[in-house]
Structures are given as structure tokens and as C-alpha cells.
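Below is one structure, written out as C-alpha cells; comments come after it.
The values are calculated or read from the model by the stated rules, or taken from the named source; none is laboratory data. Remember, it's a predicted structure, so these values are computed and weren't measured experimentally. Every residue, glycine as well, gets a Cβ built from its backbone with ideal geometry; the counts of neighbours run over all protein chains shown. All accessible areas refer to the heavy atoms of the entire protein, side chains included, with ligands and DNA or RNA removed. Shrake-Rupley method; radii C 1.70, N 1.55, O 1.52, S 1.80 Å.
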Amino acid sequence: MQQQPLPSLVERSPSMTGAEIAESLIPPRQFEQATLENYEPDPDYPSQARAVEKVRAFAAGWQAPRGLFSRRPPETKPGLYLDGGFGVGKTHLLAALWKLAPGRTYFGTFIEYTALVGALGYAPTLKLLSGASFVAIDEFELDDPGDTMMMTRLLGELASGGTRMAATSNTPPNALGEGRFAAVDFLREIQGLSDQFDIVKIDGLDYRHRDVESHAVALDPAGYATAIAEAAGQGAVTADPFDAILKHLATVHPSRYVKLVEGLVAVGIEGVKVLHDQTDALRFVALVDRLYDEQVRVIASGVPLDRVFGDEMLAGGYRKKYLRAISRLIALTSPEPL
Ligand SMILES: Nc1ncnc2c1ncn2[C@@H]1O[C@H](COP(=O)(O)OP(=O)(O)OP(=O)(O)O)[C@@H](O)[C@H]1O
Ligand SMILES: [Mg+2]
């Protein structure tokens, strides 16, 4: 039997209409099962158990008043901001909260909402989202003042119509210190909307590696070929040289990377090299985020992916983004079930 050539990631050139983006505003596959009950607070970090309680209290705001004389829940703000380091379960809790919201709800990353505004325009987006009971914004980007201002305005208008919301964020470039907690930056960037958000701080270890000190798996050429063939037995797999992937990423808008990886069980990346170009590195981070959300395994050869970002990148303003991508790459290259 003649062997079929493997499909290639770089041959996928997705486009998405506004309607398709709106339809995709639900939690990614990785968080389909996330609930408050299956979030296991780490006893060493009491803020985790407190965070669950705060999320539960926020959700209680949706319950109808029980009777004339029942005590009303204390007034809560319309917004909740989940703040913490990598892998402490912010997105897990956000998805769990989304599930508790009644009626029409939306869940997306900041990039997805800006892509929606880009595709539909501001006013139609506002009209579409208006009247929702809950809007979740994961990974609020603080890097681009224009986008931040636009989202702040959108959320302000939604909140005045009675929509409640919750968010998580990245840190802006060159934030002071390690930026373990981003709330200060978030509140500063959203200015007029800051008094609408209650802050929930969650500290702790990266849940993805609570047990082991891990590294990203890099295979030799033979191991790479075997792993790709094995994965191809389980579903759709692509295989491409690292350089070709970077080149292709430059031609696709990051909001559409989600379509690029849709339906794949694994992505092969051959001949990983250390990145020294920041634009390439940030695009690669955006791809890693979508792979992680969709739980697409990464099979790689060359430099181990936990060392893909050059030292000068890790020392620069986007350090936190790179560190988180490394944490995700360690999980995605692990041969253990994701
Ligand atoms: N305390 C916990 N109990 C159970 N599962 C958890 C817990 N914390 C995290 N997880 C799981 O670990 C994974 C990573 O968590 P999650 O992605 O929610 O973290 P995060 O804080 O959003 O990280 P990131 O900074 O990468 O966005 C998810 O699969 C999540 O369901
Ligand atoms: Mg997250």
C-alpha cells in the first residue's frame, strides 16, 4: 500500500465569519468538564478554597430571591476578576462560573472578542452581546491600548444593560517585577470600569506540574516519525518543519489559529530552533494557546520546546507570556494523556 503524504498545517488557511466567531464563544474543549466541584483547592494555598467560595457567591447572585422575608445576598459588583500565576486554575474557575450562569452567555478569549468586533463592527457586536446574563473574557490583553479601550467600552455598555462579567488577564509588557499578580495592571488599564470588578486572588503552584519537575519532550528523527505514525492512527495529524510553520503563522490572523488546529489530535513540529525574533515568538505563543485550549498533542524534534524562547526574550517585557507558553508546551509534549 502506498503511504499517503501527511497533511500539513501550512496548507490550512482558515477564514471565519462574524457568525462563526459568535458561535464559537463557549469554553474550549479542555474546560468542558470544569466545575467548582472538581476544582481541588491546594491546602497549602488557602486562597484557592477562598476563590471557590467567592465564585460560588458571585454565581448565587443569579438565584431568584426566595421569598419576601428571605435575606438578600450582599450586593456584589457586576464583575469578577480572577488573578494569579500560571496554571492555578483561573480558566477552570471561569468556565465553571460560565456554566452556572442562566440564559444567554458567552465565553471567549479577549482575542476572540476583538476578532468579533473586527468581523462585525462595534455596534453590531454590542447588539449581539446585549442582554446576555454573563460574558466571560479569558486572557484580557493589556498590550494594546486601543484594543483595551475598545473592550472596556464594550463591557461598560454591557454592564449598564445588566450583563455580569468575569475576566482573567495577561500582564502588559514591561510590567514591574515578575507580574505574578496582574490585578493592579488590569484595574489601571480598564480605568473607568475598575470599580465594577471584585478581585479574587489565587496563588499556588502550576497545577500542570504539581507533581513533577518536568521538561518538554523532544524526539530524535526516528522517534518523531514513530510518534507521528502512532498519532495518525488516532485521528488527524499534521507534520511540518518548524520554519514553515512560523512562516505560515505570519499569513493567518491569530484570531483564526483556532481554526488552524481544529479537529487535530496532534501537530508535528520538526526541527525546532531557538527563536530570536519577537514577532515570531509571539505568534508561536498564540498558536500554543490554541493547541492547549483544544488539547492537541505536540510531537516535536530539535531543540526541546521549553527552550524555544531565546534568553533575550525571557529577559524582555513579554517574559510572563513566554513562561506560560513553556508551561503549556511541557504539558502538550508529554506522552501522558492530556
Ligand atoms: N485546583 C485544581 N483542581 C483541579 N484541576 C485544576 C486545578 N487547577 C488547575 N486545574 C486544571 O489544570 C489545568 C490548568 O488550569 P488552568 O488552565 O485553569 O490554569 P490558568 O490559571 O488559567 O493557567 P494559565 O496561566 O495557563 O492561563 C486545567 O486542566 C485545569 O482544569
Ligand atoms: Mg488560563
Item to check | Packing rank of 137-144, 193-200, where each peptide gets the mean count of other beta carbons within 10 Å, highest leading | outcome: 137-144, 193-200
Checklist entry - Net charge near L329, counting Lys/Arg +1 and Asp/Glu -1 over other residues with Cβ under 12 Å of its Cβ? => result +3
Checklist outcome for this item: If each K or R counts +1 and each D or E counts -1, the residues other than A218 whose Cβ falls under 13 Å of its Cβ total -1
Item to check | With every protein chain in place, the range 180-338: carbon and sulfur % of accessible area (1.4 Å) | outcome: 53 percent
Item to check | Straight-distance crosslink candidates among aspartates and glutamates, where the alpha carbon sits under 12 Å from K320 and sequence neighbours closer than 8 are dropped | outcome: E178
Item to check | Residues of type aspartates and glutamates that K127 reaches as a straight line, Cα spacing below 20 Å, ignoring anything fewer than 8 places off in the same chain | outcome: E20, E23, E112, D147, E157
Checklist entry - If the limit is 30 Å between Cα atoms, which of K201/K273; K99/K201; K259/K321; K99/K259; K54/K259 go over it? => result K201/K273; K54/K259
Checklist outcome for this item: Connecting every pair of Cα atoms under 10 Å apart in the chain and solving the GNM, the largest mean-square fluctuation among A266, A227, A96 falls on A227
